[in-house]
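Engineer: Encoded as structure tokens, here's the structure I'll be asking about.
We did not get these values from a lab; they are worked out from the coordinates using the rules stated. All figures in this text were calculated on a predicted structure; none of them were measured in a lab. All Cβ positions, glycine included, derive from the backbone under ideal geometry; neighbour counts span all protein chains shown.
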Amino acid sequence: MTESVSKPDASDELSLVERARTGDSGAFTELVKRYDKKIYRLAKHITQNDEDAEDVLQETFLKAYEHLDGFQGNSKFYTWIVRIGVNEALMKLRKRKSSRTVSLDEEVDTGEEMIVREIAVWDGNPEDQYSKEEFHELLNEALDTLKPAFREVFTLRDIAELSTEETAERLNISIAAVKSRLLRARLQLREKLTRLFKKKGDDAFAYL
Amino acid sequence: MTLLLTCKQFLEELNAFLDDSADPEFRARLNHHVSECPNCWVVVDTTKKTIDVYKGMEPTSIPDHVRTKLLAALERKIASRG
């Protein structure tokens, strides 16, 4: 018996990868089904385009299959594949952007993005007040209204959970820029979500 | 006695506070500010929740045709490798 029941996710995932390496296509399909939604969402947040996101999704899994030997097994499969996905999505984005004048490192940090207006606690757990689909729709809409430079940093740091250093490297910006953009992205999202989720009648006054 | 940070100074360092990346001495100053300032406490609490909802968000679905195309592309790839 090689199957472990104590830590189903990690060990079972490793065995899926092993089986996929030896040519078991069903095992790889299982891995795809576990993570395709996450990669697709990430690709959509980065590229802002359904068709591009679809391409990124395919390229990510095809590349992962091709380079399965590069997966060491000392991190989770998702940690590995999400990096391939981020790279593919950013490449796609750069290709699109190359025809325009916008650079990924454009100067976007002006003081006005640090404004905090909504000072109110949230009304319980907002997830309980919406259907799962509605809730996700609200979160996606809020994120999609951020400036691209802020959305990219937030997506890489807080959704794909890359480190500050990795995010800087992949976006080709400085660590200071990652930190400053992440702060602005988080504050702007907080502002938008607070407007939606605050306790009614609990408005305090704005400051700063 | 060190001076209480202003709200603006505190907000500039909000990430260091949330990600626990400040050195102990500065962390104590950040803690001090947030324990004295109800507004910043609310900002900390709601920013934390903001990050958590995005982190915890399990994507609900992927369009059927997108997954079908993905699986078909993989099948072709696998077949081509023999």
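Engineer: Is there a simple number for the mean count of other chain Cβ atoms within 10 Å of the Cβ of residues in A:37-49, and what is it?
Structural biologist: Partner Cβ neighbours, averaged per residue: 2.
Engineer: Enter the mean number of other protein chain beta carbons within 10 Å of the beta carbon of each residue in B:37-50, as an integer.
Structural biologist: Mean number of neighbouring Cβ atoms from other chains: 6.
Engineer: Using the Karplus curve 6.51 cos²θ - 1.76 cosθ + 1.60 with θ = phi - 60°, work out ³J(HN,Hα) for each residue of the stretch A:78-91 in order, rounded to whole Hz, and write x for Gly and Pro.
Structural biologist: Rounded to whole hertz, the list is 4, 4, 6, 6, 5, 5, 5, x, 4, 4, 4, 5, 5, 4.
Engineer: Which order do peptides B:15-23, A:33-41 fall in by mean Cβ count within 10 Å, highest first?
Structural biologist: Listed from highest to lowest mean packing, they are A:33-41, B:15-23.
Engineer: Per-residue counts of other Cβ atoms within 10 Å, averaged by peptide: what ranking do you get for A:135-141, A:180-186, A:60-66, highest first?
Structural biologist: A:180-186, A:60-66, A:135-141
Engineer: Can you flag which of A:37/A:198; A:38/B:49; A:44/A:198; A:76/B:69 are past 23 Å Cα-Cα?
Structural biologist: Too far apart for the 23 Å limit: A:37/A:198; A:44/A:198; A:76/B:69.
Engineer: Pop out the ³J(HN,Hα) list for the stretch A:133-148 in order, Karplus 6.51 cos²θ - 1.76 cosθ + 1.60 with θ = phi - 60°, rounded to Hz; leave Gly and Pro as x.
Structural biologist: After applying 6.51 cos²θ - 1.76 cosθ + 1.60, I find 5, 4, 4, 5, 4, 4, 5, 5, 4, 4, 5, 6, 8, 6, 4, x Hz.
Engineer: Could you check the simple spin-label distance between residue B:32 and residue A:121, using points 7 Å along Cα→Cβ, in nm with one decimal?
Structural biologist: Here the modelled spin labels are 2.6 nm apart.
Engineer: Give me the inter-chain shielding for B:71-81: mean count of other chain Cβ atoms within 10 Å, whole number please.
Structural biologist: 4
Engineer: Please report, in whole Å, how far the alpha carbons of the stretch A:108-184 spread along each principal axis, starting with the longest.
Structural biologist: Here the Cα extents, ordered largest to smallest, are 39, 26, 18 Å.
Engineer: As a footprinting exposure proxy, order A:91, A:114 by other Cβ within 10 Å, with the fewest listed first.
Structural biologist: A:91, A:114
Engineer: So, one more: From the P(r) of chain B, could you give the percentage of C-alpha pairs in the tail past 21 Å?
Structural biologist: Percent of Cα pairs beyond 21 Å in chain B: 53.
Engineer: If I take all pairs of Cα atoms in the protein assembly as shown, what percentage of them are more than 22 Å from each other?
Structural biologist: Tail fraction, whole percent: 64.
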